[in-house]
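Asks: Structure incoming, see below.
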């Protein structure tokens, strides 16, 4: 099954790359049919990606969520899932053009990690693993989409009025609302991530919170996005300020995942 997973993983990378190229072609040639093919390729890549994760889990005899490779490829899966849902829900293929490079970079990072299957350390042998990590995947995917939407918002004002891109990007108010929904989804799942992680930590190490670097930076990320929602709801922050907040928040997400593991090792260094 692991050999099948390797083959599927390669196909997934090719499909994601092809989808990214077609999204770019859609912007270049200005043909809606090209966008529909790009969305189809992204959906096909997501289905094969799901199959690859299932094969990984069967081959490893556990949930494929316990090391850098497995979480990175799952992170890419979550971002692909959420971005595809938003592209289809809001008929917004330009979002795919901005989100697909981020997805490809993340799965490219996964490809550089070791795919070796190792026995789980005692702390990971828990039913809480699936709840904790799966919610983190959806949260990170939603935050990735909010980051892309923030970038699009910041670039939108530089586009020509009534130009092709301007016609295919929602107005400022709608774009801001879509980003708000993405952040809300991400914060909800990040809250679940922190709660399930605390319960798991108490079962594994006898303490709900130990100020491990990843715990600390997860809390920092939660505070940033909570501030985003608070300022939006209570102070009416919208538009450019909210978009900048969404970009900064995702930078924090990336540091929490990659930077903490590289620079600030702790009990979460395995993931």
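The values are calculated or read from the model by the stated rules, or taken from the named source; none is laboratory data. Please read all numbers here as calculations on a predicted model, not as lab measurements. Positions of Cβ are backbone-derived with ideal geometry, glycine not excepted, and every protein chain shown enters the neighbour counts.
Asks: Checking the conditions here, which among 56, 62 is more than 30 Å from residue 174 (Cα to Cα) and either assigned by TED's automatic domain parsing to the domain that holds residue 133 or surrounded by 21 or more Cβ atoms within 10 Å (Cβ to Cβ) (or both)?
Replies: One residue alone meets the criteria, 56.
Asks: Touching a residue at least 40 places away in the same chain (Cβ under 8 Å), under 16 Å from residue 19 (Cβ atoms), in the same structural domain as residue 32 (by TED's automatic domain parsing) and out of contact with any strand residue (DSSP E or B) (no Cβ under 7 Å at 6 or more places or on another chain), is that true of residue 79?
Replies: yes
Asks: Need a quick list: helices (runs of 4 or more DSSP H) entirely within the range 1-109 having at least 3 residues that are over 20 Å from the mean Cα position of the chain (by Cα) and more than 19 Å from residue 146 (Cβ to Cβ).
Replies: 2-29, 32-60
Asks: Another question, if that's okay. Tell me which residues, restricted to the range 85-106, are surrounded by fewer than 23 Cβ atoms within 10 Å (Cβ to Cβ), closer than 23 Å to residue 69 by Cβ and touching a helix residue (DSSP H, G or I) at 6+ places or on another chain (Cβ under 7 Å).
Replies: 101, 102, 104 - these are the residues of the range 85-106 that are surrounded by fewer than 23 Cβ atoms within 10 Å (Cβ to Cβ), closer than 23 Å to residue 69 by Cβ and touching a helix residue (DSSP H, G or I) at 6+ places or on another chain (Cβ under 7 Å).
Asks: Please count how many residues of the range 200-218 are in contact with a helix residue (DSSP H, G or I) (Cβ under 8 Å, 6 or more places away or on another chain) and loosely packed, with under 15 Cβ neighbours inside 10 Å.
Replies: Residues in the range 200-218 being in contact with a helix residue (DSSP H, G or I) (Cβ under 8 Å, 6 or more places away or on another chain) and loosely packed, with under 15 Cβ neighbours inside 10 Å: 6 in total.
Asks: Please enumerate the residues belonging to the range 202-238 that are part of a helix (DSSP H, G or I) and more than 24 Å from the chain's Cα centre (by Cα).
Replies: 202, 203, 204, 205, 233, 234, 235
Asks: How many residues are under 20 Å from residue 102 (Cβ atoms) and either at pLDDT 95 or above or exposed (fewer than 14 other Cβ atoms within 10 Å of the Cβ) (or both) if we restrict to the range 26-36?
Replies: The number of residues fulfilling the criteria is 1.
Asks: Could you check how many residues of the range 222-243 are modelled with pLDDT under 90, closer than 19 Å to residue 142 by Cβ and loosely packed, with under 15 Cβ neighbours inside 10 Å?
Replies: Here the count works out to 2.
Asks: I'm told residue 156 meets every condition in (1) assigned by TED's automatic domain parsing to the domain that holds residue 219; (2) buried (at least 21 other Cβ atoms within 10 Å of the Cβ) except one. Can you identify the failing condition by its number?
Replies: The single condition residue 156 does not satisfy is (2).
Asks: So residue 47 passes all but one of these: (1) touching a helix residue (DSSP H, G or I) at 6+ places or on another chain (Cβ under 6 Å); (2) on the phi < 0 side of the Ramachandran plot. Which condition number does it fail?
Replies: (1)
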